[in-house]
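Written out below as structure tokens is the structure these notes cover.
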Amino acid sequence: MTFRAISRKNRAVMTFGRSQFRIAVNFLLDGVLAALAVIAACWLAVPAHPAPAPALLPLAGTGAIWLIGVPFGLARQHWRFTSLPDLTAIGAIAALAALLIVLLLVGVGAALPSASFPVLLALTFGLGLTAPRLLYRIARAPRETPADDAETALLLGDGEGAELFLAALGRDSKRRYRVLGLLSVSAREIGRRIHNVSILGTVGELGAALDRLAESEQTPSVLIVASGEIIGSGLRAILAEAETRGIRVARAPSPTVLAPTSLAATEGIADLALRPIAIEDLLNRPQVALDREGMARLIQGRRVLVTGAGGSIGSELARQVAGFGPESIILLDSSEYALWKIDLELSETVPSLPREAIIADVRDRTRIEAICARLRPELVFHAAALKHVPIVEANPLEGMATNAIGTRNVADAARVSGTALMVLISTDKAVNPSSVMGASKRLAEIYAQGWDIAARRDGGMRIVTVRFGNVLGSTGSVVPLFRRQLARGGPLTVTHPDMRRYFMTVREAVSLVLQASVVGDSDADLPVTQGGIFVLDMGEPVKIVDLARQMIRLAGLRPDADIPIRFTGLRPGEKLFEELFHGAERPIETGFPGLLMAAPRVADSAFIGRALDEIQGYVDRGEVPAALAALARLVPEFRNPTPLAASGPTG
């Protein structure tokens with residue numbers, strides 16, 4: 001053993017010894033306080049004859065507190081950090097100890113000093129154990145004087161987040177922030193105080209509050225958002241107001257970091273490092289009410305297959321499905337690394353859940369049939385797809401083979417093996433597609449719609465199709481790209497100044513996919529009962545250049561000045577605007593928050609099956625022009641096969 005290791009071991013032994021000594025001191029002090037509490041209770045019960053009777057009663061009080069206090073960990077309480085749970089425990093100890101003393105007196109035949117003695121004894125026990133702890137905490141509390149270089153701050157939010165931040169700031173020996181006031185989410189809190197900080201108004205009155213602070217020459221240097229409720233449009237308004245005044249905006253640490261039970265708080269050190277505002281928070285929206293009981297009924301106790309399980313949507317589907325207690329989960333992906341990551345994650349988060357990780361390609365019909373025949377999934381979430389438009393444009397046969405033929409392979413194999421429900425993940429790029437990727441996904445939709453109509457008529461596996469736009473942070477999407485470009489110092493590349501896209505967080509998208517699955521599989525009174533496509537309510541589309549500028553600002557930099565934005569031109573197959581509904585698909589309200597339906601546009605399933613056989617032949621022979629022509633016949637709105645794709649077979 002090295003000298004350094006021996007030194008560390010000796011320090012650990014010394015620290016443990018000091019800790020045990022402090023616990024022993026607390027133990028003795030509690031005994032002394034208990035004895036004094038008994039004497040005080042006797043005096044209060046009979047002021048004319050205050051002496052305890054019998055004389056050993058104070059010692060009995062000491063013994064009772066020691067006996068009851070050990071299971072509650074009374075001596076292990078850190079006096080400097082006495083909290084509400086500690087006080088609650090002391091109250092329970094005091095009541096039980098008083099009861100024990102009363103039973104002892106009755107048992108030995110001694111008279112109680114007075115009828116009120118049990119209550120007085122419980123109160124003196126509680127006060128005697130509580131008061132010294134609170135006085136010690138007050139004496140050891142950090143001084144309220146902020147450091148000379150402390151930042152002036154305005155806190156936004158209320159509830160647990162704001163209270164925990166102010167409490168942690170009070171424990172912070174550095175006092176790095178001087179909070180000028182608090183703006184609450186609710187108007188009912190105005191005029192009140194939290195930890196001696198006044199609530200000046202509501203978050204919606206930020207501009208007026210900043211004006212008043214500026215008049216008194218107290219403009220804050222940072223706005224600290226301490227509420228998870230402040231997201232989306234509300235957060236964007238805060239950033240816009242702060243930007244006009246040159247004020248920084250940041251988020252308070254997570255409540256779990258600030259909570260008194262955290263290691264930092266236990267040691268008296270508050271982790272007050274502010275976090276930057278995440279772009280996901282700006283685009284996020286309040287969570288809609290979800291039928292989680294219905295999701296549990298759909299998933300619990302069933303064998304569930306997730307294709308594309310290593311992708312952004314597939315992996316989040318696996319996480320959320322795992323939380324509803326399926327009998328087993330089957331993770332299928334063609335990427336070994338992506339499959340390994342989600343399998344490892346589930347092994348750590350839900351180790352008791354039976355699962356199987358399978359490397360397979362949905363284009364391999366024989367392999368998919370064998371997997372479904374062996375494992376007999378009862379519920380299938382089909383998320384496997386090729387989704388990067390320029391890459392699929394350069395490799396159109398691969399896109400058609402995966403997105404259209406692969407969907408048919410999974411659907412047919414699942415149906416034969418007895419699957420009750422399949423959920424197809426689609427995309428807004430399937431609407432008026434200008435790319436092979438979008439057209440191939442539209443063909444998958446047509447196939448799924450046709451078979452779902454047949455299943456509703458003749459029985460058998462149902463297919464629910466769910467269509468939505470981009471998810472934030474997905475592999476290869478614009479947000480991770482911008483983050484990488486920011487880390488390199490720019491420029492941020494945008495294809496066109498007018499390009500707009502729909503965005504949603506991956507967690508919200510998958511939650512709504514599960515909601516659509518429940519609704520589509522139920523007997524809900526839907527306006528479209530056959531072949532309709534569920535469309536997630538994506539809100540308003542976002543200009544990509546505005547997103548780029550916002551991300552630059554969130555990094556504390558200035559668009560165009562510190563980080564340039566460069567326009568590169570539309571790539572093959574890209575559109576300026578994505579759509580969620582075709583002109584012939586009128587949006588239909590479902591009555592379920594966050595879910596719309598598209599009126600069906602379907603074709604005969606047998607005809608589509610024969611057409612897919614034809615495309616399969618072109619794919620097998622590498623005949624790109626013929627395959628694209630067949631795709632255009634099946635998806636008439638697809639009118640833009642790219643010259644690159646149409647030039648001949650690709651490698």
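Quick look at the values:
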| read-out | value |
| --- | --- |
| Matching entry among Gly469, Gly473, Gly438 (being at pLDDT 90 or above and within 20 Å of Leu536 (Cα to Cα)) | Gly438 |
| Strands (runs of 3 or more DSSP E) contained entirely in segment 390-507, each with at least 2 residues that are closer than 23 Å to Ala373 by Cβ | 421-427, 462-468 |
| Residue within segment 56-65 that is modelled with pLDDT under 75, assigned by TED's automatic domain parsing to the domain that holds Gly128 and over 19 Å from Ala131 (Cα atoms) present | yes |
| Criterion: surrounded by fewer than 16 Cβ atoms within 10 Å (Cβ to Cβ), in the same structural domain as Gly438 (by TED's automatic domain parsing) and under 24 Å from Ser511 (Cα atoms) - qualifying residue of Leu317, Leu421, Leu344, Leu332 | Leu344 |
| Filter result for Pro326 (part of a loop (DSSP other than H, G, I, E, B), under 23 Å from the mean Cα position of the chain (by Cα), surrounded by 19 or more Cβ atoms within 10 Å (Cβ to Cβ) and on the phi < 0 side of the Ramachandran plot) | yes |
| Tabulated pairs, segment 614-631, first under 20 Å from Asp364 (Cβ atoms) and assigned by TED's automatic domain parsing to the domain that holds Leu397, second β-branched (Val, Ile, Thr) and surrounded by 15 or more Cβ atoms within 10 Å (Cβ to Cβ), C-beta under 6 angstrom, 6+ apart or interchain | Gln616/Ile405; Ala627/Ile615 |
| Enumerated helices (runs of 4 or more DSSP H) restricted to segment 204-306, each holding at least 2 residues that are under 23 Å from Arg171 (Cα atoms), outside the structural domain of Gly323 (by TED's automatic domain parsing) and at pLDDT below 80 | 255-258, 263-266 |
| Condition met for Gly109 (closer than 30 Å to Arg171 by Cα and either modelled with pLDDT of 75 or more or in contact with a Leu (Cβ under 6 Å, 6 or more places away or on another chain) (or both)) | no |
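The values are calculated or read from the model by the stated rules, or taken from the named source; none is laboratory data. On a predicted model such as this, the values are computed, not experimentally measured, just so you know. Note: ideal-geometry Cβ built from the backbone for every residue, glycine included; neighbour counts use all protein chains shown.
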